[in-house]
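The structure appears below as structure tokens.
Coordinate-derived values only; no laboratory data. Only a predicted model underlies this, so the values are computations on that prediction, with no experimental measurement involved. Cβ placement follows ideal geometry from the backbone for every residue including glycine, while neighbour counts extend to all protein chains displayed.
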Amino acid sequence: MIREVIFPKISTKTADGIITSWNKAIGESINEGEVLYEVETEKAVHEVESPVTGIVKKVLVDLGDEVHVDDVLAEVEVVR
């Protein structure tokens with residue numbers, strides 16, 4: 001099953017950010033809770049964890065791209 005990775009609301013005042021790094025590439029496995037990417041907001045750089053365990057299948061945004069809350073950033077094939 002494919003699970004979309006959505007950009008979460010990091011704080012009540014943060015609605016967008018810039019992707020500064022991807023810690024996993026397409027084809028790599030990731031565990032739930034492991035840092036998948038980093039995003040820079042107006043106030044800080046945040047590490048964002050994977051919501052699921054699986055294999056990264058697609059990365060839909062590039063480094064330097066601006067993202068908004070609820071944007072789909074990647075797809076992970078869930079491994080149970």
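Does a label point 7 Å from the Cα of Glu77, set along Cα-to-beta-carbon, have any residues of segment 28-43 with amide nitrogen under 13 Å, and which are they? Those under the cut-off are 28-30. Net charge of the neighbourhood of Asp65, taken over other residues with C-beta under 11 Å away and scored Lys/Arg +1, Asp/Glu -1, is -4. Computed over segment 2-78, the P(r) tail beyond 19 angstrom holds 26 percent of alpha carbon pairs. Test of understanding: extend the Cα→C-beta vector of Thr41 to 7 Å, then name every residue of segment 1-16 with backbone N under 15 Å from that spot. Residues passing the 15 Å test: 7-16. Residues His68, His46 in ascending order of nearby Cβ atoms (within 10 Å, fewest first): His68, His46.
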